[in-house]
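Trainee: This structure is in structure tokens; I'll ask about it shortly.
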Amino acid sequence: MRRFEGQVAVVTGASRGIGLSIAERLVSEGAQVVITARDEGALREAASALGGPEAVHPVAGRADDPEHRAAVLDLVDRELGRLDLLVNNAGVNPAYGPALEIDAAVVRKILDVNVVSALEWSRDAMAHGLGDGDGGAIVNIASIAGLVASPGIAFYGVSKAALISLTTQLAFELAPRVRVNAVAPAVVKTDFARALYAGREEQVAASYPLARLGTPTDVSGPVAFLLSRDAGWITGQTVVIDGGGSISPVS
């Protein structure tokens, strides 16, 4: 399929894991993709693996840095001339433990990166022409932690619940010009989520009816669908990607 032929996408947090897999899927379907991440070396390696300068444009920086965001969107204006798709994937979880025990400064950092930056990327993308063409779309990468209690990653879950709510609000405000949806993955085998399954992968996987952990491609496929015209009458939704975990009977 070449569903994104001639389109331009921005994917934040795309040097590895889910973000990298999303960028790979978009490139494979014809998009020009601007990828961002904090680590410039890892980002350039990702860009090379994805096909180099013909299709991929790396810009290093922090997702919650306004100057970085401006640099990305200036590159889009200057070199690519249009913006069709935005994936807000960048996220942090620098603290583990109960919500009441997390330092207030850490709480603010989690919210700044996981929620506020998604709002700012969306706002600035609109100002730089997102939705001016046919088929503008945003997908926010939330988490199953935003829908259920999440011991150990409590405030990360709170931030993802806020991102899910932001998705609904933006979908209403930006319609019909831009569709806005989210995905909520359960445990996916990435470095970011390693603490949730390291040393006990079989035990964690046993809690899912499909009997395995997720992979980045399990997420990138649904994200590509939501970004595409195949999902042209879908907005304001959060798609749960959890191997069936949410349908398991209560014990």
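Trainee: Run down 172, 192 and say which single residue is within 26 Å of residue 111 (Cα to Cα), assigned to a loop (DSSP other than H, G, I, E, B) and touching a residue at least 60 places away in the same chain (Cβ under 8 Å).
Mentor: 192
Trainee: Specify the residue that is modelled with the highest pLDDT; the eligible residues are those in segment 187-211 that are of a type in the set (Ser, Thr, Tyr) and farther than 21 Å from residue 97 by Cα.
Mentor: 208
Trainee: What tally of residues in segment 80-98 results from selecting those that are outside any loop (DSSP other than H, G, I, E, B) and either crowded, with 23+ Cβ neighbours inside 10 Å or in contact with a Ser or Thr (Cβ under 6 Å, 6 or more places away or on another chain) (or both)?
Mentor: 4
Trainee: Of the numbered conditions (1) in a helix (DSSP H, G or I); (2) within 18 Å of the chain's Cα centre (by Cα), residue 10 fails exactly one; give the number of that condition.
Mentor: (1)
Trainee: Then there is this: If I ask for residues that are closer than 17 Å to residue 81 by Cα, small (Gly, Ala, Ser), without any contact (Cβ under 8 Å) to a residue 60 or more places away in the chain and in contact with a helix residue (DSSP H, G or I) (Cβ under 6 Å, 6 or more places away or on another chain), which ones from segment 1-55 would you list?
Mentor: 55
Trainee: Check residue 177 against each of (1) within 19 Å of residue 224 (Cα to Cα); (2) in contact with a Lys or Arg (Cβ under 9 Å, 6 or more places away or on another chain); (3) surrounded by fewer than 23 Cβ atoms within 10 Å (Cβ to Cβ) and name the one condition it does not meet.
Mentor: (2) is the only condition that residue 177 fails.
Trainee: Out of all the residues in segment 94-137, which are among the hydroxyl-bearing types (Ser, Thr, Tyr) and modelled with pLDDT under 95?
Mentor: Hit for segment 94-137 is 96, nothing else.
Trainee: For segment 31-38, state whether one or more residues are part of a helix (DSSP H, G or I), buried (at least 20 other Cβ atoms within 10 Å of the Cβ), under 17 Å from the mean Cα position of the chain (by Cα) and of a type in the set (Gly, Ala, Ser).
Mentor: no
Trainee: Just checking, which of 200, 212 is more than 26 Å from residue 95 (Cβ to Cβ) and among the basic types (Lys, Arg)?
Mentor: None of the others qualify; the one that does is 212.
Trainee: Go through (1) touching a Phe, Trp or Tyr at 6+ places or on another chain (Cβ under 9 Å); (2) in a strand (DSSP E or B) and name the single condition residue 58 misses.
Mentor: (1)
The values are calculated or read from the model by the stated rules, or taken from the named source; none is laboratory data. No experiment lies behind these values; they were computed from the predicted model shown. Note: ideal-geometry Cβ built from the backbone for every residue, glycine included; neighbour counts use all protein chains shown.
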